[in-house]
Amino acid sequence: MSYQYISITRDEPLAEVILNRPEVLNAYHHEMLLELKEALQEVSQDDEIAVAILTGRGSRSFTVGADINWLEELSADEARQVSRLGQNICNLIEETNKVVIAAVNGYALGGGMEIALACDLRLASSRARFGQPEVKLGLVPCFDGTQRLPQMIGVGRAKEMLFTGNIIDASLAYEIGLVNRLVTPRDLLRSSRDLAGDIASRSSQAVGLVKEAINNGLREGRFAGSSYETEAFGVCFENIEHVERFKKLKGFIDD
């Protein structure tokens, strides 16, 4: 499928999904969100893809969130529909068995930060900036930022970010655990691709099961997550992939 506001590049088993409105710092509107959902579904259903990198076109922004010109025209009912669409997109990222890495160069604000929060891993360049500035506009986050951010950085820090709407730099984001790795702007995509390739070299089934076990525990509690983990471990023995990987490991040890 062709897209106007999103682009996809493939180098199996990797894919890059690129937010493509650099002239407005990759701000999204309704059409762009619909395209992003479609693109993520396309990648999620591609059996040749194991890891996806989500990033923004250009060096200035991942995405600054919603296009204000579009946002200010919404009715209350339309705003609720936008919230549900954004939540669906974030849930799709979270629930796919693919690993999704956010590569953040520049601003990740509002819904843009919430989309990054839904990704499994976040790499940020030193020029990245993160924030949920909705309260400064008389709004609240609406892509589940009020739910994911406290889980990620703790309730106190999350409340400070959400109550003030202040933007933090990449160093502080790394310090509080909002991002996994901090790299130079030049190295952002290379580091993201290296990490994606490292993960893709593992068993895609096992990695997907690990992701689901983690998510299950976060949603349902530790005991439910533990039960899922046991079942997932059994599933791994229903095919022969582990046998071949055992052989390689034993050969490495014997050498």
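What follows draws every value from the coordinates through simple rules; no lab data is involved. These numbers were taken from a predicted model, which means no experiment stands behind them. Note: ideal-geometry Cβ built from the backbone for every residue, glycine included; neighbour counts use all protein chains shown.
Give the residues of region 97-116 whose amide nitrogen is closer than 19 Å to a point set 7 Å from the Cα of T184 in the direction of its Cβ. The answer is 104-106, whose backbone nitrogens lie closer than 19 Å to the label point. In this structure the amide hydrogen of V104, modeled in the peptide plane, comes within under 5 Å of the amide hydrogens of L123, A124, S125, none closer than 5 places in sequence on its chain. Neighbour counts of C-beta atoms inside 10 Å place T146, T55 in the sequence T146, T55, starting with the fewest. Count Lys and Arg as plus one, Asp and Glu as minus one, and take only other residues whose Cβ is under 12 Å from that of M113; the net charge is then 0.
Ranking G156, A200, M32 by how far each Cα lies toward the positive end of the dipole of the chain (charges on Cβ) leaves G156 at the top. The Rg/Rh ratio of region 40-133, with both radii computed over alpha carbons and Rh defined as the Kirkwood radius, is 1.00. In the chain, what percentage of the DSSP-assigned beta bridges are antiparallel, given to the nearest 5? Beta bridges within the chain, antiparallel portion: roughly 25 percent.
Which translational diffusion coefficient, to the nearest whole µm²/s, is obtained for region 104-234 from the Stokes-Einstein equation, given a Kirkwood hydrodynamic radius over C-alpha pairs, 4 °C and 1.567 mPa s?
Working: Rh = 16.0 Å.
Once the numbers are plugged in, D ends up at 81 µm²/s.
Using 0.36 nm per residue of separation minus the Cα-Cα distance, give me the extension gain between T146 and R10 in nm, one decimal.
Details: separation 136, 0.36 × 136 = 48.96 nm, distance 3.29 nm.
That works out to 45.7 nm of additional length.
Sequence-ordered 3J(HN,Hα) estimates for region 8-25 from the Karplus curve with 6.51, -1.76 and 1.60 and θ = phi - 60° stand at 10, 10, 10, 9, 3, x, 10, 9, 10, 10, 10, 6, 10, 9, x, 5, 10, 6 Hz, glycine and proline given as x. Taking the chain as the region of interest, the number of lysine pairs whose Cα atoms are within less than 26 Å, with members eight or more places apart or on different chains, is 8. Each of I115, I53, I167 was scored by other Cβ atoms within 10 Å of its Cβ. Listed from fewest to most, they are I167, I53, I115. Scanning residues 5 or more positions from I53 or on other chains, those with amide H under 5 Å from its amide H are A15, E16, V17, I101, with H placed 1.01 Å from N in the peptide plane. Inter-part distance, region 95-156 to region 15-90, computed on C-alpha centroids, equals 13 Å. Ranked by how many other Cβ atoms sit within 10 Å of their own Cβ, fewest first, the residues K159, K211, K98 fall in the order K159, K211, K98. The loop-placed GluC sites (Glu not before Pro) in region 13-85, going by DSSP, that have at most 13 neighbouring Cβ atoms within 10 Å of their Cβ come out as E48, E72, E73.
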